[in-house]
Structures are given as structure tokens and as C-alpha cells.
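Visitor: Please read through the structure below; I'll follow up with questions.
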């Protein structure tokens, strides 16, 4: 990876971190912010929406998702924790 690519990669990670930080404060997330919040790409998110795994709404041309719905989906997908050592 050359210096330009490394700089672009760092900038991309910083943008994603800002989106995730903002997502924690919002009720409704656009698809880019929702994908960053979930740690997945927008294409994967689009598939989840199409499969109706996550509810989404359209306002104008924008796809919006409730953060609460995303949190519930992530809880369902996370492995069950055990009290066993």
C-alpha cells in the first residue's frame, strides 16, 4: 500500500468512526450511517432490507432505518452469552 492509498484508507476509517459516533445519538439513520453503525457494507444492508430482516422506511428517495430496530436485529444475531466459564 503506497502513502496515498494509506492516507485514503485512514480517511475512510475516520469517516466511518464519525458516522458510528453520530448514529449513537440519532433515532433514524440513513443507509450509509446504518451500515457503518452495524459494521457492514451498504450492499449487505440492502440485502437485509430486501429480505425484510430489518424494517426500513423510504422518505423521498432516502432509505431510513430506526436505530432501535437495528439494535434489536443485532441482539438477535449475536451469540448467546453463557454464565459458564
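Nothing in this text is a laboratory measurement; each read-out follows from the coordinates by a stated rule. Owing to the predicted nature of the structure, the values given are computational and were not obtained by experimental measurement.
Visitor: Is the range 27-77 rounded, prolate or oblate when judged by the Cα gyration tensor, a ≥ b ≥ c being the square roots of its eigenvalues, rounded requiring a/c under 1.5 and prolate requiring a/b larger than b/c?
Guide: Details: a/c = 1.39, a/b = 1.29, b/c = 1.07.
Rounded, because the longest to shortest axis ratio a/c is under 1.5.
Visitor: Quick check on the chain: helices-only [θ] at 222 nm, where DSSP H runs of length 4 and up contribute -39,500 (n - 2.57) each and the sum goes over total residues. Nearest 500, please. Walk me through the numbers before you get to the answer.
Guide: Working: 4 runs with 49 residues, N = 85.
Counting only the DSSP helices, I get -18000 deg cm²/dmol.
Visitor: Let me ask you something else. Share of Cα-Cα pairs in the chain beyond 19 Å, in percent?
Guide: On the way: 1644 of 3570 pairs.
Counting pairs separated by more than 19 Å, the tail of P(r) holds 46 percent.
Visitor: State, as an integer percentage, the relative contact order of the range 27-77 based on alpha-carbon contacts under 8 Å between residues 6 or more apart.
Guide: On the way: 47 pairs, mean separation 22.6, N = 51.
44 percent.
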